[in-house]
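One structure is given here, and the rest of the page talks about it.
We did not get these values from a lab; they are worked out from the coordinates using the rules stated. Everything numeric here is computed off the predicted structure, so don't read it as measured data.
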Amino acid sequence: MRRKTPTIPLVAFLVAGLLVSGCRDYAFDPDGSASPTRNGLVIAPVGIPFEVAYGQSVALEGTELAIEFSYVAEDNRCASNVDCVQAGRAGVVLTLTDSQNVRYQLVAHIPGLVATPYQVNDLIQFDGLRFQLLEVSPYPLNGVEREVKDYSVLLLVDSL
């Protein structure tokens, strides 16, 4: 007697597993472990939010530009566990480097006490691209000291 194989449940299970394994919050793994590279840099997509750690550089897909999260200019956002009169803001410096090694700096800010990713933040236009700072992490907590190396930003770069 021939035994029936449960093909439909097995196929459904395999498809669900593939779908779940491909899910992640951002366009690539921030550590670059499973991402394509160009000149040793992880390639960040245009049109999809991606995360950049402090000091990390990524190549922008379809361009000759690399972007580095190079400096935390300020972080005076109201701590999430405190009541404040003002929300404050965080400011970061992003350094763009072109194929000729010419460097440009963009300064981006994000207000405190806003839901993130903050989709209505200002756009910065440069070289046919729009840059938008969506989040600066970690968010401040009263009594918790942060080192600059702990920071990361969530960016969206899009074509004009």
Karplus (6.51, -1.76, 1.60) ³J(HN,Hα), θ = phi - 60°, over segment 138-144, in Hz, Gly and Pro reported as x: x, 6, x, 10, 4, x, 10
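Figure the gain on full extension for Q125 and L113 (residue separation times 0.36 nm, minus the Cα-Cα span) and round it to one decimal in nm. Each step should come with its number before you reach the end.
Values: separation 12, 0.36 × 12 = 4.32 nm, distance 2.52 nm.
Going from the current span to full extension adds 1.8 nm.
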Distant-in-sequence amide H partners of V42 (H built 1.01 Å from N, under 5 Å): A59
Kindly write out, for segment 59-76 in residue order, the coupling ³J(HN,Hα) from the Karplus curve 6.51 cos²θ - 1.76 cosθ + 1.60 (θ = phi - 60°), rounded to whole Hz, with x marking Gly and Pro. 8, 8, 3, x, 10, 9, 9, 10, 10, 10, 7, 9, 6, 9, 6, 6, 8, 10
Other-chain or far-sequence residues with amide H under 5 Å of R77's (modelled H): R89
Between Q56 and residues 5 or more places away or on another chain, which pairs have amide H atoms under 5 Å apart, with H built 1.01 Å from N, and which residues are they? F69
